[in-house]
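Working notes, structure below.
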Amino acid sequence: MKLKPKADSTEGQELDMLITLIEAYETVHVPMQASDPIAYLQYKMEQENLKQQDLIPFIGDKTKVSKVMNRKQELTVLMIQRLSKGLNIPVSFLIAI
């Protein structure tokens, strides 16, 4: 990389191939973590066409779901475990950083 090879040179093509391989490896082995569990949960709900009422089995009654989604109550360990298992979300995505 320090040599900054031209893209059409052999070294440039090798560098491009290595970058592609590294990106593919990182995509599989080092997934990005969500920094905001509620934002990720909203994204997941949007992707799967879920409504807040669909979260009741994982979070609790309608009031608790509303408080969590409006950031007035944090997710508990039990909620995180249930959401992770029920919605197939990595636990690390549900823990605030």
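For the range 37-97, please list each of the helices (runs of 4 or more DSSP H) lying entirely inside it that holds at least 1 residues being under 14 Å from the mean Cα position of the chain (by Cα), buried (at least 16 other Cβ atoms within 10 Å of the Cβ) and basic (K, R). Don't jump to the end; show me each part of the working.
Numbers: elements: 37-47, 56-59, 62-69, 77-87.
Answer list for the range 37-97: 37-47.
For the range 1-20, name all the residues that are in a helix (DSSP H, G or I) and surrounded by 10 or more Cβ atoms within 10 Å (Cβ to Cβ). Steps first, answer last, please.
Residues of the range 1-20 in a helix (DSSP H, G or I): 10-20.
Hits for the range 1-20 are E11, G12, Q13, E14, L15, D16, M17, L18, I19, T20.
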Fill in the blank from the handout: If you go through Q47, Q73, the only one that is modelled with pLDDT of 95 or more and polar (S, T, N, Q) is Q73
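The values are calculated or read from the model by the stated rules, or taken from the named source; none is laboratory data. Nothing here was measured: the structure is a model prediction, and the numbers come from that model. Please note: Cβ atoms are built from the backbone with ideal geometry, for glycine as well, and neighbour counts cover all protein chains shown.
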